[in-house]
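The values are calculated or read from the model by the stated rules, or taken from the named source; none is laboratory data. Keep in mind the model is a prediction, meaning the values are calculated, not measured. Reconstructed Cβ throughout: ideal geometry from the backbone, glycine too, with neighbour counts over all protein chains shown.
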Amino acid sequence: MTFLDTAGIYGPVVNEELAGKAIAGRWDQVVLATKFGNQSLPDGTRTVNGRADYVRAACDASLARLDVDHTDLYYQHRVDPAVPVEETWGALAELVGSGKRLRVRVPAARAPQDAARKG
């Protein structure tokens, strides 16, 4: 195994814990990816969240569950249409600058969202 892709929503959270155990002691031999954006709410429902505070909190939670200090790739499951892409990318840039993420990615945005941002 050389590429491991997981997310906090899988399990939920159990998948990241298992992935962390699977790669323990051989982090440098695996490209590790995880995702954010699909958030479980206390009532059991899910929502899409691209807010900066959630991006940072989801990152820290994933790192703790994976038992690592950074991942190779951190990406967004779904674009949050209620949040300006600049807010999400700003949080991602902070994470890259802090060394928690080496690469970031967001999924392809739908045309109406792109058009709305161009104003």
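Data overview
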| quantity | calculated |
| --- | --- |
| Qualifying strands (runs of 3 or more DSSP E) (wholly inside the range 20-94; at least 3 residues being surrounded by fewer than 20 Cβ atoms within 10 Å (Cβ to Cβ)) | 46-48, 71-76 |
| Top-ranked residue of the range 8-19 - restricted to ones that are buried (at least 16 other Cβ atoms within 10 Å of the Cβ) and without any contact (Cβ under 8 Å) to a residue 12 or more places away in the chain, ranked as farthest from Val83 (Cα to Cα) | Asn15 |
| Any pair with Cβ under 6 angstrom, 6 or more apart, that starts in the range 66-78 at a residue that is touching a residue at least 24 places away in the same chain (Cβ under 8 Å) and on the phi < 0 side of the Ramachandran plot and ends at one that is buried (at least 23 other Cβ atoms within 10 Å of the Cβ) and of a type in the set (Ser, Thr, Tyr) | Thr71/Thr34 |
| Filtered residue count, the range 95-119, keeping only those that are modelled with pLDDT of 75 or more, among the hydrophobic types (A, V, I, L, M, F, W, C) and assigned to a loop (DSSP other than H, G, I, E, B) | 0 |
| Residues located in the range 54-91, provided they are in contact with a helix residue (DSSP H, G or I) (Cβ under 8 Å, 6 or more places away or on another chain), of a type outside the set (Val, Ile, Thr) and over 14 Å from Ala33 (Cα atoms) | Arg56, Asp80, Pro81, Pro84, Glu87, Gly90, Ala91 |
